[in-house]
Every structure is written in structure tokens, then in C-alpha cells.
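Comments concern the structure below.
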Amino acid sequence: MTLPLHEALKQSPWQNQPVPHDAAGWIQRADEVAAILAVDALERDRAAEIATHEVQLLKDAGLTTILGPTQFGGGGQSWQTALQIIQVVSAADASVGQLLGYHLLWAWAVRLVGTDDQIAAVEQLYTSENLFFGGAVNPRDSDLNIEDAGDHLIYTGQKSFSTGARVSDLVVLEGTLPNGAHVFAIVPTAQDGIEFLGNWDNLGQRLSESGGIKITGVEVDWAGAAGYVNKEFQPLVYNTLNVPLIQQIFTAIYLGIAEGALRTAGTYTRDRSRAWPYSTDPKDSASAEAHVLETYGDLRAKLWAAQALAKSVDEEISLVLHADREALTAGQRGLIAVRVAASKQVASTIALEVTNRIFEVTGARATSNAVGLDIYWRNIRTHSLHDPVAFKRREVGEYELLGLLPEPSWYT
């Protein structure tokens with residue numbers, strides 16, 4: 001029997017187990033993590049405590065270092081595997097899936113914009129010490145102000161959202177110099193100049209630690225300014241993959257939510273739903289009723305289709321992310337962005353449909369707070385508002401009708 005999270009952490013289930021050596025082994029590890037999270041996901045969501053234990057579980061399982069170099073104890077896996085793992089974890093607890101997805105993004109940030117020396121240093125540090133990342137990079141807010149103090153930079157400002165930062169070891173900052181140049185930097189979270197506002201109290205994704213953050217006089221050596229050499233940024237098209245990557249992470253979270261919702265609803269229908277007695281063709285169980293079977297069949301087929309599209313896009317973006325950074329062209333990047341936009345819009349649509357329609361085939365008693373089917377709809381409804389899905393549809397439409405590729409932006 002799988003134990004609740006707090007009990008499972010008393011002794012790591014993987015303490016005496018070898019690190020998985022291939023993608024299949026890591027997926028199995030993610031399944032084991034998901035089984036633990038699923039036991040009390042609803043109770044932890046209701047309590048909305050700081051997600052310290054959830055992050056520790058991810059660390060204990062090694063999922064935090066699946067992309068890290070093997071020579072430093074990492075999994076050495078691809079983004080294709082990482083995106084599958086985010087989906088598996090999100091099916092059990094979407095808040096934790098979001099924490100993991102954002103951590104992996106920010107752990108990869110140094111590869112996106114850093115120099116070779118910075119990449120080597122950061123990957124050795126976070127992998128060997130199993131450090132967790134958060135980020136203070138919300139483009140809808142004003143940028144953090146950066147003062148050039150000679151041999152170091154000073155960050156000051158505030159961000160409305162900082163997913164994962166409150167439970168992180170390292171946090172990614174992004175701000176602008178007086179000349180308008182953007183600078184990313186990775187800093188230790190535990191320092192006086194970083195204050196968490198503790199104001200995340202939203203409808204869903206309640207354990208994602210997405211509240212505000214205040215930055216006051218945080219110093220970064222110029223050597224830590226990602227991608228800068230002698231105070232000059234070294235641009236690559238590869239730098240702009242951060243947005244397609246995080247959008248595909250969103251797709252993984254959404255499909256995980258939909259999978260978890262359909263799976264949980266199916267169990268409820270089989271075990272607890274009652275057939276409708278006032279029918280011209282009454283059945284002994286709800287599972288035998290035509291409209292119930294039709295609904296599950298419709299939702300499963302649509303979810304399979306969305307998962308198949310996402311899997312294809314996962315492979316495409318993974319190949320680019322692990323290829324030569326200098327080889328990526330603007331055209332290749334644009335086509336990937338279109339494919340990601342298609343994947344995300346489909347995932348968002350099916351996740352909203354699944355989490356809404358499951359109530360039609362579970363019945364009135366399934367709306368009980370004790371059952372907790374609402375958690376799936378609350379989670380997808382909250383996160384799918386990150387940026388309007390209509391603009392993703394438009395991007396795909398412009399490509400299909402006009403042959404236009406999206407230009408890199410903070411949301412494209």
C-alpha cells in the first residue's frame with residue numbers, strides 16, 4: 001500500500017535503489033512518485049501549506065536532476081523524457097507537476113542563455129548538490145532594475161509571480177540595465193535581499209508557490225550575468241527557445257491534469273455512480289449506460305489525440321534543445337514555436353472539457369468536497385489563463401493561411 005507523502009518522506013523509498021539508467025526507468029520512478037502524491041493530493045491542496053515536503057520528494061526520487069550530467073550524479077536524460085515525467089507527476093498532483101516543470105526549465109536556463117563556462121559551473125553545482133530552482137521572471141510586471149556597480153550588478157524590484165522560488169535553493173532573476181539590456185542571473189535564494197510575499201491564494205495550483213517576490217539590492221558578479229562576456233551579450237537564436245519550452249511544459253501539465261481527472265472519474269463511475277432508474281432502457285450500473293460510455297469514449301479519444309500530438313512535439317523540441325546551440329536558425333525556431341502553439345491549444349481545450357464533463361458521468365454525489373473532483377477543473381482553469389489560448393490559435397492560423405512564423409517574444 002502506498003503511503004501518504006509525509007509518511008513516505010520518513011525514509012526515502014529510493015534510498016537503497018540505484019539511479020535509473022534509461023528513460024523507461026525514469027518514467028517508472030515518476031510513476032512511483034505520482035502514486036505517493038495521489039494518496040493525499042486533495043488533503044494537501046485543501047491545507048495549502050508551503051510545498052517543502054513535495055519538493056523534498058522530488059529531490060529524493062532524483063527527478064530534479066534528470067537533465068543533469070551523469071558525471072555529477074544526474075540522469076543525463078532528454079527533454080522528451082522530462083516532459084513525459086512532468087505529465088505523469090501532474091496527473092497525480094498538478095501543483096507538484098508545475099513545480100517540477102518550472103524547476104527543470106530554470107535549471108536549463110543557463111544552457112539557453114549562458115556561456116560554455118557558465119553552463120559547466122551551474123550544471124555541476126545544481127546536479128551534484130541536488131538544488132531546486134525557482135524563478136522571478138514575470139514579463140507582465142515591470143522588469144527588475146539593475147544597477148551596474150562596476151564589477152557587479154545590483155537587482156531591485158518586485159514580481160507578482162515567482163513559481164517555486166519560495167521553496168527553492170536557487171532563483172533565476174531577470175531585469176534590465178539603464179540601457180534596456182536584459183540580464184539573467186542565478187542567485188542563492190536564502191539571502192536578506194529576497195523576500196517572499198506569501199500571497200498565493202488562488203483557485204487552483206494552490207501548492208505551486210506562485211506568490212510575489214521582492215528583490216532589494218541583490219548583488220551578482222558580472223561573471224554571473226548569463227551570456228555576457230566583458231559586459232557584452234553573446235546572442236544566439238537558441239536563446240529564444242525559453243518560451244516554446246515553457247509553453248510545452250504547460251502542455252505536459254494540462255495533459256497530466258486531464259489524464260488524472262479521467263482516471264479518477266472512471267474509478268468513481270465504476271465503483272460509486274448509480275444508474276438512472278427513469279429510463280426506457282434501465283441498466284443495473286452506470287457503467288452500462290449508453291450516454292456514460294459514449295462520454296468516456298469521446299473524452300478518451302480526444303485525450304489520446306492530444307497526447308499523440310504532444311508526444312510528437314516533445315520529440316521535435318527535445319532534438320533542438322539537445323543539438324548544437326549555434327546551429328539553430330530563426331526558421332527552425334519559428335516552426336517549433338508553431339507546433340508548440342498547436343500542442344498547447346489542443347491540450348488546454350481537452351483538459352478543460354474533461355475536467356468539466358466528468359461530472360456528467362459521475363453524478364450529483366460526485367460534487368461532494370470529500371470526493372474532490374473539483375481539484376482538476378480548478379487547476380486547469382487557473383493555469384490555462386497564464387496567457388490567452390486564442391493567441392496560440394492565431395499563431396497557428398497565421399502559419400496555415402499566410403505562411404507566417406511567430407516572432408520571438410515573452411509569450412511566443
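The values are calculated or read from the model by the stated rules, or taken from the named source; none is laboratory data. Source: prediction; values computed, not measured. For neighbour counting, all protein chains shown are included, and Cβ atoms are generated from backbone atoms with ideal geometry for every residue, glycine included. SASA here: full protein model, heavy atoms, side chains in, ligands and nucleic acids out. Shrake-Rupley method; radii C 1.70, N 1.55, O 1.52, S 1.80 Å.
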What do you get when you divide the Cα radius of gyration of the range 253-412 by 2.2 N^0.38 Å, with N the number of residues? 1.30
Isotropically averaged projected area of the chain, using the convex hull of Cα atoms (one quarter of hull area), nm²: 21.4 nm²
Provide the solvent-accessible area of His6, counting protein heavy atoms only and rolling a 1.4 Å probe, rounded to the nearest 10 Å². 90 Å²
How much area per residue is accessible in the range 259-312 when the probe is 1.4 Å and only protein heavy atoms are counted (Å²)? 63 Å²
Please report, as a whole percent, how much of the solvent-accessible surface of the range 220-274 comes from carbon and sulfur atoms (probe radius 1.4 Å). 50 percent
Between the residues Ala305, Tyr254, Ile317, the Cα farthest towards the positive end of the dipole of the range 253-356, that dipole coming from +1 and -1 charges on the beta-carbon of Lys, Arg, Asp and Glu, is from Tyr254
In square angstrom, rounded to the nearest 10, how much accessible surface does Leu402 have for a 1.4 Å probe? 110 Å²
About the Cα centre, charge dipole magnitude for the range 19-110 (Lys/Arg +1, Asp/Glu -1 at Cβ), debye: 260 debye
Alpha carbon Rg of the range 280-374, scaled by the compact-globule rule 2.2 N^0.38 Å: 1.59
Using a 1.4 angstrom probe, figure out how much accessible area the range 317-387 has per residue, in square angstrom, rounded to the nearest whole. 41 Å²
Taking the Cα centre of the range 201-323 as the origin and placing charges on Cβ (Lys, Arg +1; Asp, Glu -1), which of Thr269, Ile213, Gln234 is farthest toward the positive end of the dipole? Thr269
Can you give the Rg/Rh ratio of the range 208-257, where Rg is from the C-alpha atoms and Rh is the Kirkwood radius? 1.12
Given the options Asn179, Asn242, Asn202, which has the most mean-square fluctuation in a GNM of the chain, springs set between C-alpha atoms less than 10 angstrom apart? Asn179
Which whole-percent values make up P(r) of the range 141-263 when all C-alpha to C-alpha distances are grouped in 5 Å steps starting at zero? 2, 10, 17, 20, 18, 15, 9, 5, 3, 1, 0, 0
Which of Lys302/Lys344; Lys59/Lys344; Lys10/Lys159 exceed 25 Å between C-alpha atoms? The answer is Lys59/Lys344; Lys10/Lys159
Go ahead and estimate [θ] at 222 nm for the chain from helices alone: -39,500 (n - 2.57) per DSSP H run with n ≥ 4, summed, over the residue count, rounded to 500. -16000 deg cm²/dmol
List, in order, the whole-Hz ³J(HN,Hα) value for each residue of the range 287-304 obtained from phi through the Karplus relation with A = 6.51, B = -1.76, C = 1.60 and θ = phi - 60°; use x for Gly and Pro. 5, 9, 6, 4, 5, 5, 4, 4, 5, 4, x, 5, 5, 5, 4, 5, 5, 4
Between Rg and the Kirkwood Rh of the range 30-160, both from Cα atoms, what is the Rg to Rh ratio? 1.02
³J(HN,Hα) computed for each position of the range 328-344 - Karplus, 6.51 cos²θ - 1.76 cosθ + 1.60, integer Hz, glycine/proline x: 5, 9, 4, x, 4, 4, x, 5, 4, 4, 5, 5, 5, 4, 5, 4, 5
Specify the inter-centroid distance of the range 305-337 and the range 1-63, based on alpha-carbon positions, in whole Å. 29 Å
Have a look at Leu125, Leu319, Leu401 and tell me which one the Gaussian network model of the chain (Cα, springs below 10 Å) gives the largest fluctuation. Leu401
Restricting everything to alpha-carbon atoms, can you work out Rg to Rh for the range 341-412 with a Kirkwood hydrodynamic radius? 1.15
Percent antiparallel among DSSP beta bridges confined to the chain, rounded to 5, stands at 80 percent
So how compact is the range 303-350: Cα radius of gyration and Dmax in angstrom? 11.8, 36
In sequence order, calculated HN-Hα J values of the range 39-50 (Karplus, 6.51, -1.76, 1.60; Hz; x Gly/Pro): 4, 10, 4, 5, 5, 5, 4, 5, 6, 6, 7, 4
The percentage of Cα-Cα pairs in the range 2-77 separated by more than 13 Å is 67 percent
Pairs of alpha carbons in the range 61-137 whose separation is greater than 21 Å (percent): 22 percent
Dipole of the chain, positive end: most advanced residue of Tyr296, His6, Phe184 [Cβ charges, Cα centre]: Tyr296
Given a 1.4 Å probe and the protein chains all in place, what does the accessible area of Glu316 round to, in Å² to the nearest 10? 60 Å²
With viscosity set to 1.002 mPa s and temperature to 20 °C, compute the Stokes-Einstein D of the range 37-88, Rh being the Kirkwood radius across alpha carbon pairs; µm²/s, no decimals. 172 µm²/s
How long are the semi-axes of the ellipsoid equivalent to the range 95-175, from square roots of 5 times the Cα gyration tensor eigenvalues, in whole Å, largest first? 21, 19, 10
Counting every Cα pair in the range 189-329, what percent are over 19 Å apart? 73 percent
